[in-house]
Amino acid sequence: MRRPLAALAALILGFAPLAAPLAAPSVAAAQVIVPGAQGDAAIDHMRVATEAAERVTSLLVKVASDPAYAGARTPDEMSAAIAAMRGDLASSRREIQDIVRRLNSLPRVAGEADPVELRLVDRVVVDIARFSAGVDELLAAVEGLGDALTAGDQARIEQSATALVRGSVAVIEAQSLMLRARLPMVPSDSSSYAQVTSLACFYEGFAAFQRGTLNLVRPEDAGAGMERAVGCMTGENTRGQAAIEREVSVDHQDPRLNGIRDGLAPVHLAMFKELEGAAAMMDEARRALLRGDSVASLMKYADRTTEFEQRFQVLVSQEVDVVERQGR
């Protein structure tokens with residue numbers, strides 16, 4: 001907390017978009033054909049959840065990339081930047097709260113007796129609702145910081161800064177936990193299992209990077225966590241690509257299932273290519289952190305990670321489209 005407050009607040013929110021949930025259905029989920037209204041509802045819920053994740057992320061990125069906010073270096077500059085964003089912050093929070101209410105109001109697709117793949121759809125909806133609520137709380141902390149700066153209340157300023165630190169780290173760590181919670185529902189030898197595990201390790205590594213950048217832990221400790229994440233991702237990416245080769249050779253004796261298989265294979269290969277790039281970037285960021293690079297220099301990894309997530313989310317949408325086109 002010794003870093004200048006304005007720079008610290010800009011840095012914290014700059015990291016926040018990294019935790020947008022990636023609502024990818026598993027290979028197993030894509031291969032379960034459910035006729036009638038239940039199948040339509042599952043596809044619709046996945047689409048709603050994916051669109052919600054994209055929209056909430058875009059609202060957060062809009063705040064984080066505001067030039068005055070991102071460039072603020074003094075309390076007065078930060079106060080002025082937040083004051084100028086008041087209208088956008090309020091409208092963004094209202095929209096996010098509407099998204100949370102909509103997600104929470106969706107009826108459950110599956111019951112306890114239904115396949116785990118369908119139950120996973122309900123879990124994804126819940127996860128994204130929780131993530132969205134966390135983003136709302138983070139934006140509320142920005143508003144609170146603005147109020148405290150305007151009032152010149154040092155105690156409230158420190159409380160708001162602490163809330164921003166904790167909120168931004170928690171949002172990223174929650175993404176890893178949510179991903180790992182889905183693993184029991186995915187076949188352990190599948191490409192999807194490797195994909196979800198690789199993503200979970202990525203978020204664990206980036207949470208370590210964030211803690212190191214914000215001086216919450218020693219750089220050496222953060223670097224060790226990032227190194228473990230890179231090793232995990234490298235191994236899972238190799239296993240995942242090998243699993244795709246096995247999966248494309250399976251004849252499901254059903255044209256729809258085979259169509260899903262053929263449609264998903266190139267999308268999943270593209271996902272692992274993105275994950276390979278993300279692992280390389282993580283290792284580069286680890287070296288930069290250990291070198292003691294400046295905060296401004298380290299922030300470029302936040303921007304590059306946001307770009308990675310946006311590309312990956314496009315691939316997630318393509319997965320959903322394959323299931324919708326081929327699975328009916």
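The values are calculated or read from the model by the stated rules, or taken from the named source; none is laboratory data. In this text the structure is predicted, and so the values were computed from the model without any measurement. Note that each Cβ is placed from the backbone with ideal geometry, even for glycine, and that neighbours are counted across all protein chains shown. All accessible areas refer to the heavy atoms of the entire protein, side chains included, with ligands and DNA or RNA removed. Shrake-Rupley method; radii C 1.70, N 1.55, O 1.52, S 1.80 Å.
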Within region 45-69, take every residue that is closer than 17 Å to residue 143 by Cβ and out of contact with any Phe, Trp or Tyr (no Cβ under 9 Å at 6 or more places or on another chain) and give me the one that is surrounded by the most Cβ atoms within 10 Å (Cβ to Cβ). 60
Residue 172 - would you say it is crowded, with 17+ Cβ neighbours inside 10 Å, touching a helix residue (DSSP H, G or I) at 6+ places or on another chain (Cβ under 9 Å), free of Cβ contacts under 8 Å to residues at least 60 places away in the same chain and not in a loop (DSSP other than H, G, I, E, B)? no
Tabulated pairs, region 299-313, first closer than 13 Å to residue 282 by Cα and open to solvent by less than 90 Å² (accessible area, probe 1.4 Å), second among the acidic types (Asp, Glu) and part of a helix (DSSP H, G or I), C-beta under 7 angstrom, 6+ apart or interchain: 308/274
Could you pull out the residue among 200, 148, 140 that is free of Cβ contacts under 8 Å to residues at least 60 places away in the same chain, touching a Leu at 6+ places or on another chain (Cβ under 8 Å) and of a type in the set (A, V, I, L, M)? 200
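If a residue must be touching a residue at least 40 places away in the same chain (Cβ under 8 Å) and exposed (fewer than 14 other Cβ atoms within 10 Å of the Cβ), how many such residues does region 278-298 contain?
The total comes to 1.
Filter region 80-116 down to residues that are outside any helix (DSSP H, G or I) and charged (D, E, K, R) and give me whichever is farthest from residue 44 (Cα to Cα).
Here the residue is 112.
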Going through region 198-224 in order, the residues found to be under 22 Å from residue 274 (Cβ atoms) and open to solvent by less than 10 Å² (accessible area, probe 1.4 Å) are 198, 199, 200, 201, 202, 203, 205, 206, 207, 208, 209, 210
